[in-house]
Each structure stands twice: as structure tokens, then as C-alpha cells.
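First comes the structure, then the notes that go with it.
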Amino acid sequence: FMGCFDNSITTDGYPIGNSYYNNVEPYLNYIQDGNFSLSTYSGVEDVNVTTDTLTNWTTTSTDGLVVLINKGNTASLAYPKEYPNGDRAVSLKNDGNLSQSFSPGLVAGNYTLTFNACGLTTVNPISIFLNSDVTAIGTITPVLTWKSYGIQVSSSNQITSITFIGTGIAGEMSAIQNIRLTNGTTTGYTNAINFNTCET
């Protein structure tokens, strides 16, 4: 039983294998609507994000710094149209920001954050923050094609929110989607099954 879900993880954070035991993932994903498919906006055109546009997500940015982009929009921003997961993504321009709150908060511990990101010609580096911490848990600089990113998150405090913030200026843009925050690390899951269950 080498290669059981507990110790074999692919680069995108998913365990190796075609199915899960009892069709249940071996870890929990705490992000709601990480592909933005539940947006209250039902059209195909790109649209500036407001507090009413996305379900479970908020922004304090204005003037088109955070835009919901759609694969089906031929006039959309020039990101590669084969989005990795779903038909939508969010583009962050300059210091545009996107946040999600957790209620109740997540317990202190180890988590894995995975997402897909892609930059335009003038790439916007994206920093990720927990709660209102002034220190980013990580900053990534996307490339010009969609790529999977993973960041190990360790917090000694309860996690009440996660925020993605662009760090660029003068029209720099990057897009994100397929955002997942799971309760495991690359060395094991916090709700791992035992050997006999795995054998079954």
C-alpha cells in the first residue's frame, strides 16, 4: 500500500489516485467558491468586482483594480483562455485586493494553500496575508501562462481571513483562480485514515 493518499501528493496538492475512500476527500477545503462560479453576476463580460459581485469574497479596491474575468468573453483581458479550472478567474491590477473571512475562524495549525495564477506582460506580484498581519505568508510572481502554486501556511493564532493583494504599480496585472486552503501539509493530513481503512 505504498502510495496511499496519506503520503503521496501531486504538485497541485491533490493525492495520487483516481478516487477517494468513500468518495470523500481526505482533507477539508476551507475556501468557499475558489473558482468564482457562484458569482451573483451571470453574464459573460468582464466586470469590476464589488462587495455584491462575488459570493464569499470582498474587496476594498475601486476603479477596476479587481476584475472578474470570463473565459467565454472574446474581448476579455489577454490571459490565456484555457483556465485550469472553471470558466472564471479574478484579475488583480496594481494594489487590488481580494479577501475571504472564515466564520468561525480556523484553529491554529498547519495548512496548505494552493491556487492557479497567470500574469500579463507586466506581471503583478501577489502577496498573501492571514488576518490583519502586516507580514505576508508568501509572495508569488506569476509567469505568462497558468501555473499551480502552493504555499505551506503555519499559524499559531486562529485564522479569521485570507487576503490576496497585488504589489505592482502602473498597470501590472495577474489573475488567480482554483484557490484552496486545506487542513494538511505535504507530509500528511490532519484527518489521515489508518492503515486498515486504507487497505479496505
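The values are calculated or read from the model by the stated rules, or taken from the named source; none is laboratory data. Model, not experiment: these values are computed from the prediction. Every residue, glycine among them, receives a Cβ derived from its backbone with ideal geometry; neighbour counts consider all protein chains shown. Heavy atoms of the whole protein, side chains included, go into the accessibility calculation; ligands, DNA and RNA do not. Shrake-Rupley method; radii C 1.70, N 1.55, O 1.52, S 1.80 Å.
Condition test on Ser148, is it closer than 22 Å to Glu45 by Cβ, in contact (Cβ under 8 Å) with a residue 24 or more places away in the chain and under 13 Å from the mean Cα position of the chain (by Cα)? Here the answer is no, as Ser148 does not meet what is asked.
For every residue, the table says whether it meets (1) more than 22 Å from Ser39 (Cα to Cα); (2) surrounded by 19 or more Cβ atoms within 10 Å (Cβ to Cβ); (3) modelled with pLDDT of 95 or more; (4) hydroxyl-bearing (Ser, Thr, Tyr).
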| position | (1), (2), (3), (4) |
| --- | --- |
| Asp52 | no, no, no, no |
| Thr55 | no, no, no, yes |
| Thr62 | no, no, no, yes |
| Asn73 | no, no, no, no |
| Pro104 | yes, no, no, no |
| Val107 | yes, no, no, no |
| Asn110 | yes, no, no, no |
| Pro125 | yes, no, yes, no |
| Asn131 | yes, no, no, no |
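May I ask you to verify whether Thr185 is modelled with pLDDT under 95, open to solvent by 60 Å² or more (accessible area, probe 1.4 Å) and among the β-branched types (Val, Ile, Thr)? So Thr185 fails the test.
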